[in-house]
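Right, one structure below, let's go through it.
The values are calculated or read from the model by the stated rules, or taken from the named source; none is laboratory data. All values reported here derive from a predicted model rather than from experimental measurement. Cβ placement follows ideal geometry from the backbone for every residue including glycine, while neighbour counts extend to all protein chains displayed. Side chains included, ligands, DNA and RNA excluded: accessible areas come from the protein's heavy atoms. Shrake-Rupley method; radii C 1.70, N 1.55, O 1.52, S 1.80 Å.
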Amino acid sequence: MTILIIYGGVSVEHEVSVKSARNISTILRGLGYGLTEIFITKEGIFTHNGKEVSILPARGFFVEGRRLDYDVILPLVHGNTGEDGKLQGLLELLGKPYISEGVPASSAGMDKLRQTEMVKSSVPCLRTERYISPDIWLGSDCVMKPCSGGSSVGVHIIKNATQALLDEAAEEIRKYDDVPIIQTLVEDARELELLALHDSESGECLILGPVEIGKGASFLSYDDKYSSSLTRVIPACEVKIPEETKALLREYSARVFRTLGGEIYMRTDFLMDSDGNVFFNEVNTVPGMTETSHFITLSEEIGFERLFAILIRSAFSRKRKNDLLLRSYE
């Protein structure tokens, strides 16, 4: 079994993608998988071993006229163009199985406004809306961030909001995304994350976690997530919350996964306030897989061997199901 890892990309999360690919490559080689790679430069050029890749729909990736040989694709491109459905659309055109959500779920998973609208009837959500007018937020404590983004890039925590503070944050966010969104701030929130995945063998949605993000600060910046020694991912067996809350989070995670049309896997993130109330925060359909990433701790619950066996099996199952769809009407 040969896995093609695609990584890099044009988003601000390029470096995280590179680290994810390096770490997962080591893990997969240790499990006995064969690997080949495509690196996407910051300019968006697909390369293999330093040579430019040609892409032919329904045929595959080619380098100097020779087709790359692989069985399944693992896209690890984070952020815009990588996990928002654009890369997934390309992979659909190639006709090979890939370990990622499809175009609709990926698109919704990157759009924080849309995913909140989709799930708010089935799980508790914070007030979240597109930032247009500051009027109703004046004097409040809130969070402003890009509608489509990750790794805490462009996130602003605003206390006792004024029009000047809100407009300044929105202007900064528009450097990364055209759509700033604003959300109620949960003071001293505990961050709890789960991993939802579809097991095509049993037909069930398997939920791992919750793990908790142990923080050295009230808000995790980009550097905190990927560089700081103050941040620790607390494994599920050590998370100190009531068992009924853990069960509720697992149920909410499954609901979010199903509502967004999950077919392979996604990380589902929640916040818990000081009274023990939990709120949906966001999903990540291509979570970071660096050595310190939350995905790694979540995966240890069942082990990487079983996890990737499930992911690969589900990718092939989806491909077979799609191949059976009618292509003509008579």
Strands (runs of 3 or more DSSP E) wholly inside the stretch 225-289 containing at least 2 residues that are within 29 Å of Lys19 (Cβ to Cβ), at pLDDT 95 or above and touching a helix residue (DSSP H, G or I) at 6+ places or on another chain (Cβ under 8 Å) | 265-272, 278-284
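Do you know which residues across the stretch 14-29 are open to solvent by 70 Å² or more (accessible area, probe 1.4 Å) and more than 17 Å from Gly82 (Cβ to Cβ)?
Thr26, Arg29
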Examine the stretch 40-59 for a residue that is open to solvent by less than 10 Å² (accessible area, probe 1.4 Å), more than 23 Å from Val153 (Cα to Cα), hydrophobic (A, V, I, L, M, F, W, C) and touching a residue at least 12 places away in the same chain (Cβ under 8 Å), and state whether such a residue exists.
-> no
So is Thr128 within 29 Å of Arg258 (Cα to Cα) and buried (at least 19 other Cβ atoms within 10 Å of the Cβ) or not?
-> yes
Could you tell me whether any residue of the stretch 135-150 is open to solvent by 70 Å² or more (accessible area, probe 1.4 Å) and touching a residue at least 40 places away in the same chain (Cβ under 8 Å)?
-> no
In this structure, does Thr285 turn out to be under 21 Å from Gly8 (Cβ atoms) and open to solvent by less than 30 Å² (accessible area, probe 1.4 Å)?
-> yes
Conditions: (1) closer than 25 Å to Phe304 by Cα; (2) of a type in the set (A, V, I, L, M, F, W, C); (3) touching a residue at least 60 places away in the same chain (Cβ under 8 Å). Ala108 meets all but one. Number of the miss?
-> (1)
If we keep just the residues of the stretch 74-122 that are within 25 Å of Arg250 (Cα to Cα) and basic (Lys, Arg), which is most open to solvent (accessible area, probe 1.4 Å)?
-> Lys120
